[in-house]
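The values are calculated or read from the model by the stated rules, or taken from the named source; none is laboratory data. It should be emphasised that the depicted structure is a prediction, and the values quoted were computed from it without experimental measurement. A quick note on method: Cβ atoms are made from the backbone with ideal geometry, for glycine too, and the neighbour counts reach across all protein chains shown.
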Amino acid sequence: MLEHFQSVEAIRRQIAEEGYAYYLLGRLDGGAGYIAIREESDALFLSKLYVRKCFRGLHFAADTMAFLRGY
């Protein structure tokens, strides 16, 4: 699964050919995770939302959802 959806080549393909946008989640002290989204005709598709374990509980998911509501 990792090789099919999350390898460097898979991410490049998703961006170049499938219309995905990737955003890094982070703070000044390090990368916390990432999201992948794709705009569709009548919706915004959230494909991935990953938060590193050491950053969980710090509201990254809630902040990401607030960001996406304004997208």
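Quick test for you: out of TYR34, TYR71, TYR22, TYR50, pick the one residue that is of a type in the set (Ser, Thr, Tyr) and more than 11 Å from the chain's Cα centre (by Cα).
Within the list TYR34, TYR71, TYR22, TYR50, the selection yields TYR71.
Considering only the range 1-55, state which residues are surrounded by 11 or more Cβ atoms within 10 Å (Cβ to Cβ), over 18 Å from TYR71 (Cβ atoms) and among the aliphatic types (A, V, I, L, M).
Once the filter is applied, which keeps residues that are surrounded by 11 or more Cβ atoms within 10 Å (Cβ to Cβ), over 18 Å from TYR71 (Cβ atoms) and among the aliphatic types (A, V, I, L, M), the range 1-55 yields ALA10, ILE11, ALA32, VAL51.
Pick out the one residue from PHE45, PHE67, PHE5, PHE55 that is of a type in the set (Phe, Trp, Tyr), modelled with pLDDT of 95 or more and out of contact with any His (no Cβ under 8 Å at 6 or more places or on another chain).
PHE45
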